[in-house]
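FYI, it's all coordinate maths here, none of it is from the lab. Not measured: the values here are computed from a predicted model. Here the Cβ positions follow ideal geometry from the backbone for every residue, glycine too, while neighbour counts run over all protein chains shown.
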Amino acid sequence: MNAVAERPARPQDVVRHQLEAMTPQFALALPPHVPAERFVRIVMTAVQSNPDLLNKDRQSLFEASMKCAQDGLLPDGREAALVVHGAKITYMPMVAGILSKVRRSGELKSISAHVAYERDEFDYILGDEERIHHKPFLGEDRGKPIATYAVAHTKDGGVYREVMTEAQVMAVKAISRAKNGPWRGPFADEMRRKTAIRRLSKRLPMSTDLLAVIERDDELYDLNKAQPVQVRRLHADFEALPAPEPEEDQVPDSPLGDDDIPTFDPEEVEASGQGAEAPSGDDDVFPGDR
């Protein structure tokens, strides 16, 4: 009697087995309110809904999943997403995930971001009584995006605002390696809103781990495309401002060892792109920000 040939395991079954084997490591990285088993199921759902994730570098999938676990977010397409760029997979926090982290941190009273369109009522006033007026157009066609803004309220009553023109947002998109991915289609406004929140976060009282979540997608940007001459011209008025404290750009130690959790240091990425000392923040690398 001929032996039945054993069928090769399907790629999704292999990935599932490997993710399940990583459950103890996920459990150490995740916050108490997120069970590791649930996290693994959500990662598998993301993989099954986007088969292209199976065809890319498998190690980068596991590294992206671990970074997501470290930040306590779920790659469900709402809090965070697993994004393909090139042959690699990276994890990208979404606006809902950032806002969720802000609420749990208790460091801010609220933070929000919105996109203004041509047919909306939109006005931004500077001066002693800075304010933003935005009344969205309720019809089907709101026109083209003209500005994106973020507003944060601190627990002590302070209000912080950041407004970016569409040209400034597009300057950020221009150096994004994911400009043909999340920046297109239904996620375009998501990327606009996160860009404004990211820029506003530089002036907010945030812990280093919360700031690290906002900066997680540094690797999605080609920092080599930033023009030093343009940056110096754009920020000449701010040269006298004190540099941020070094520890604000550092990610706190993880309960797992370096061999268990892939870490991401924005300073190292920026330094490698510039060939010199890394700039202190986003305002130094995104042309057209200000």
Sorted by packing (mean other beta-carbon atoms within 10 Å per residue), highest first, where do 152-160, 197-205 land?
197-205, 152-160
What are the GluC sites (Glu not before Pro) within the range 128-200 that DSSP puts in a loop, where the Cβ has at most 10 other Cβ atoms within 10 Å?
GLU129, GLU140
Residues with amide H under 5 Å of ALA147's amide H, sequence separation 5 or more or different chain, H placed in the peptide plane at 1.01 Å from N; which?
ALA116, GLU166
For the range 11-93, averaging the sequence separation of alpha carbon pairs under 8 Å that lie six or more residues apart and dividing by its residue count, the contact order in percent is 28
Separation of the HIS133 and SER207 label points, Cα + 7 Å toward Cβ, nm:
4.0
Looking at this model, which pairs from LYS109/LYS144; LYS88/LYS194; LYS56/LYS101; LYS67/LYS101; LYS56/LYS202; LYS109/LYS173 are more than 26 angstrom apart at the alpha-carbon?
LYS109/LYS144; LYS56/LYS101; LYS56/LYS202; LYS109/LYS173
